[in-house]
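Chemist: Below: one structure in structure tokens.
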Amino acid sequence: MKSHTDYMTFNTDQRREFVRITQNVQEAVDTSGVREGLVLVSAMHITAGVWVNDDEPGIQADTLEWLDKIAPPSWQEPSNDVARQLLPQDGGDYRHQRGGEDNGDAHLKNLLTHQQVVLPITEGKLDLGPWQAVFYVEFDGRRSKRLVIKVIGD
Amino acid sequence: MKSHTDYMTFNTDQRREFVRITQNVQEAVDTSGVREGLVLVSAMHITAGVWVNDDEPGIQADTLEWLDKIAPPSWQEPSNDVARQLLPQDGGDYRHQRGGEDNGDAHLKNLLTHQQVVLPITEGKLDLGPWQAVFYVEFDGRRSKRLVIKVIGD
Amino acid sequence: MKSHTDYMTFNTDQRREFVRITQNVQEAVDTSGVREGLVLVSAMHITAGVWVNDDEPGIQADTLEWLDKIAPPSWQEPSNDVARQLLPQDGGDYRHQRGGEDNGDAHLKNLLTHQQVVLPITEGKLDLGPWQAVFYVEFDGRRSKRLVIKVIGD
């Protein structure tokens, strides 16, 4: 069995950002020499996600608007009444932020989008469908964050 | 290390459908000859999910009603005020649908249910709990969709 | 390729509970002798989840409050109007509970938090970020529940 480990570091300009990494994952697979196997792509932080979706700006804007309602930030006015009610104590602050952070919402967004994906490798290539692109999704950026890529197979 | 890849194609009659595939996954494991390992079951489309749950119609109806509130379709009236507020611009249309599609909600449902599961293989069998059945969950059917099953192990 | 399978059994005192299991997963990796590989940590029940997050009580309280709004229990008063509207038939009972159970919400919480994670193993250690702890998250406890840990690699 072969294996290979790569790390990527992100330091996004924006607080929230979608970074396409399909090619980076394929390069890790190429380096590994694995022809048949699996590759795990997993954020090493709990305020980011890894998402497989269409590389289409409309989906990203829709998703961010929706995530800001479902898992509302406390550093901006709630988007609407649903968002207000989904804040702790219906409009209050996250308990997690008592230590001075303001990323309580990013932890819930990590939970919703999931921190990782596992991708199949077939004949040396990521075995993805036609619209599947891999994204690192940052919810609390402007600081250094890491992601691990672990390839195993033969 | 052994590996085996199978693909399944779905073309559901309904727009949304739960298709039980536990036996198909077991058959891919049987074909692989793997006795100890992992099997990845992953939708190759971004408007479907893979779900492990009880094969009980009540759960499926509960879940679909709930998903239609949390990730509301724009092709039907919102179920209630929460659903209306969770649509883009509080009752508007998905930006993704500017290209003529009407499956914006299916992308969010894919995110919520997750596109994949990884199952353990022990002594040649899927190592599942007593109520765990594997489902392909279609959110935008009536067209040809694919799923990949990747088995690795010894 | 090496492999190793461990099972953990939980019987929590509380209906809902976060149980930290990072060390248990590391011990399974140690036993396996795997230096480079993957470990799957997966609930064998559909009313529990596996979550990687900060071991910080504020996050856990925030998350449980939020989950009780998004995926409301029917065995207590809805937390607020959003929770009420997210119940089946806007304040009604889960269809799944017609058989006498009262854990309809736990199935939706399992869906939201996801039942499993896959962790990378590098040089014999779980390759986790600085704040990543692994939790079994019980949503319908006070009964015997199982989790499977499957290690594969070299």
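The values are calculated or read from the model by the stated rules, or taken from the named source; none is laboratory data. Bear in mind that the values here come from a model prediction, so they are computed numbers and not experimental data. Glycine gets a Cβ as well: all are built from the backbone with ideal geometry, and neighbour counts include every protein chain shown. Accessible surface areas use protein heavy atoms only, side chains included; no ligands, DNA or RNA. Shrake-Rupley method; radii C 1.70, N 1.55, O 1.52, S 1.80 Å.
Chemist: Which number in (1) assigned to a loop (DSSP other than H, G, I, E, B); (2) under 22 Å from C:Gln116 (Cα atoms); (3) of a type outside the set (A, V, I, L, M) marks the one condition that B:Gly92 misses?
Modeler: Failing condition for B:Gly92: (2).
Chemist: Take segment B:115-154 and flag every residue that is among the aromatic types (Phe, Trp, Tyr) and open to solvent by 10 Å² or more (accessible area, probe 1.4 Å).
Modeler: Result: B:Trp131, single match.
Chemist: Filter segment A:40-58 down to residues that are out of contact with any His (no Cβ under 9 Å at 6 or more places or on another chain) and under 30 Å from B:Ile149 (Cβ atoms) and give me whichever is nearest to the other protein chains (Cβ to nearest Cβ).
Modeler: Among those that are out of contact with any His (no Cβ under 9 Å at 6 or more places or on another chain) and under 30 Å from B:Ile149 (Cβ atoms), it is A:Met44.
Chemist: Out of everything in segment A:91-118 that is out of contact with any helix residue (DSSP H, G or I) (no Cβ under 7 Å at 6 or more places or on another chain) and within 14 Å of chain B (Cβ to nearest Cβ), what residue ends up being farthest from C:Asp68 (Cα to Cα)?
Modeler: The qualifying residue farthest from C:Asp68 (Cα to Cα) is A:Val118.
Chemist: Looking at (1) farther than 14 Å from C:Glu17 by Cβ; (2) in a strand (DSSP E or B); (3) more than 7 Å from every other protein chain (Cβ to nearest Cβ), find the lone condition where C:Val29 falls short.
Modeler: (2)
Chemist: Can you work out which of the residues in segment B:64-76 that are within 14 Å of chain C (Cβ to nearest Cβ) and open to solvent by 10 Å² or more (accessible area, probe 1.4 Å) is farthest from B:Gly141 (Cα to Cα)?
Modeler: Ranking the candidates gives B:Glu65 first.
Chemist: Can you find, within segment A:99-154, the residue that is nearest to C:Leu126 (Cα to Cα) among those that are among the small types (Gly, Ala, Ser) and either part of a loop (DSSP other than H, G, I, E, B) or in contact (Cβ under 8 Å) with a residue 40 or more places away in the chain (or both)?
Modeler: A:Gly153
Chemist: Checking A:Ala61 against (1) at the interface with another protein chain (Cβ under 8 Å from one of its Cβ atoms); (2) small (Gly, Ala, Ser); (3) part of a loop (DSSP other than H, G, I, E, B), only one condition comes out false. Which one?
Modeler: (3)
Chemist: Search segment C:8-61 for residues being open to solvent by less than 10 Å² (accessible area, probe 1.4 Å) and free of Cβ contacts under 8 Å to residues at least 24 places away in the same chain, and hand back the single one that is nearest to the chain's Cα centre (by Cα).
Modeler: Applying the filter and picking the extreme gives C:Ile59.
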